[in-house]
Amino acid sequence: MSQTPDKRDDQNQDKIDFGFTQIPKQDKVKRVENVFNSVASKYDMMNDLMSFGIHRLWKKVTIESSSVRKGQKVLDLAGGTGDLTAKFSKIVGDNGLVVLADINAAMLKVGRDKLRDEGLFKNIDYVQANAEELPFADNYFDCITISFGLRNVTDKAKALRSMWRVLKPGGRLLVLEFSKPEYKILNKAYDLYSFTMLPLMGKLIVHDSDSYRYLAESIRMHPDQKTLKKMMETAGFADVTYHNMTGGIVALHIGFKL
Ligand SMILES: C[S@@+](CC[C@H](N)C(=O)[O-])C[C@H]1O[C@@H](n2cnc3c(N)ncnc32)[C@H](O)[C@@H]1O
């Protein structure tokens, strides 16, 4: 099992990483779609298992850092099975709106069924969309979250610009994503866990170890804290800060549209 990425060929603009493998750029959406089609039905259970439930805490911090209020419009982008949407729906109330947008129909369906079962439907819209080309008006949302979604997007810079466009002036973007652990010792233990346990759990529970190997690899390929901060600033976001959680395994980046 390889734990190092293929050598990057920066000259080759037509290739992009899919985990540690370089693939033609135009193939990435389909490859990512296959991953989430395969994991959708067991996504929530696997999230709890793989993170020992800690993802709930990371998401709680995200909600608390959003400053979302009653009556506001929120975009939960790459929202998948709708964990953040459920919380935002209760906060914004009947006069607010939460849009759960995701590129993957299977993930959206699992999310919609779950939220309806919880009695949440009045103020939620579901939109199948690519983060790179958001089908919303300029300056529309008070807040945008993208939680564990950005690393799957082919053109992250384009997606960040698209988020900036649909955010209202004064609004904030929160990017919750796996990042770079702060301590070497943590890094080693984390590597061991990610590259052995995740594919094994995937194999035993979803009968798909490849998707969970992609998960581990895509985390290593994602820009680190400082690089993502720069990318957000380049896309137009101001006052960008980040907050490490669980020793930097996850980071929450926050930026504003002035
Ligand atoms: C790891 S899941 C995260 C789901 C949810 N936000 C959470 O935190 O549990 C990643 C999601 O990103 C979605 N996704 C991947 N590429 C996307 C894109 N280009 N545009 C929108 N959503 C995308 C996937 O379909 C998947 O539902």
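The values are calculated or read from the model by the stated rules, or taken from the named source; none is laboratory data. Note that the structure is a prediction, hence the values are computed from the model and not measured. Cβ placement follows ideal geometry from the backbone for every residue including glycine, while neighbour counts extend to all protein chains displayed. When the accessible area is computed, the model is the full protein with side chains, heavy atoms only, and any ligands, DNA or RNA have been set aside. Shrake-Rupley method; radii C 1.70, N 1.55, O 1.52, S 1.80 Å.
Taking Cα atoms only, the orientation of helix 225-234 departs from the longest principal axis of the chain by about 50 degrees. Checking the cross-link pairs LYS73/LYS230; LYS42/LYS184; LYS203/LYS226 against a 29 Å limit on the alpha carbon distance flags LYS42/LYS184; LYS203/LYS226 as lying beyond it. In this rough spin-label picture, where each label sits 7 Å from Cα along the Cβ direction, the ARG116-GLN13 distance is 4.5 nm. Full extension of the segment from ASP155 to ASN34, taken as 0.36 nm per residue of separation minus the current Cα-Cα distance, would add 41.7 nm. Using a simple spin-label model with pseudo-atoms 7 Å out from Cα toward Cβ, ASP48 and LYS70 lie 3.2 nm apart.
Helix 28-39 and the longest principal axis of the C-alpha atoms of the chain enclose an angle of approximately 90°. Note on ALA238 and THR21: the model spin-label points, each 7 Å out from Cα along the C-beta direction, lie 4.4 nm apart. Sequence-distant contacts, meaning Cα pairs under 8 Å at least 6 residues apart, place the relative contact order of region 115-258 at 27 percent. Is the shape of region 112-258 best called rounded, prolate or oblate, per the rule: a/c under 1.5 gives rounded, else a/b larger than b/c gives prolate, else oblate, with a ≥ b ≥ c the square roots of the Cα gyration tensor eigenvalues? In terms of gyration-tensor shape, oblate. Judged by the ratio a/c of the largest to the smallest principal axis of the C-alpha gyration tensor, region 34-158 counts as rounded, that ratio being less than 1.5. Surface exposure of region 165-258, expressed per residue as accessible area with a 1.4 Å probe, stands at 47 Å². Note on the chain: with charges restricted to the Cβ of Lys and Arg (+1) and Asp and Glu (-1), its dipole about the Cα centre is near 400 debye.
Candidates GLN128, PRO181, PHE88 compared by Cα position along the dipole of region 49-184: farthest toward the positive end lies PRO181, with charges placed on Cβ.
Based on C-alpha pairs under 8 angstrom that are at least 6 apart in sequence, region 28-185 has a relative contact order of 22 percent.
Rounded to the nearest 500 deg cm²/dmol, what is the calculated helix-only ellipticity per residue at 222 nm for the chain, with -39500 (n - 2.57) per DSSP H run of length n ≥ 4? Taking each H run of at least 4 residues, the total per residue is -12000 deg cm²/dmol. Counting only alpha carbon atoms, the long axis of helix 156-166 and the longest principal axis of the chain meet at about 0°.
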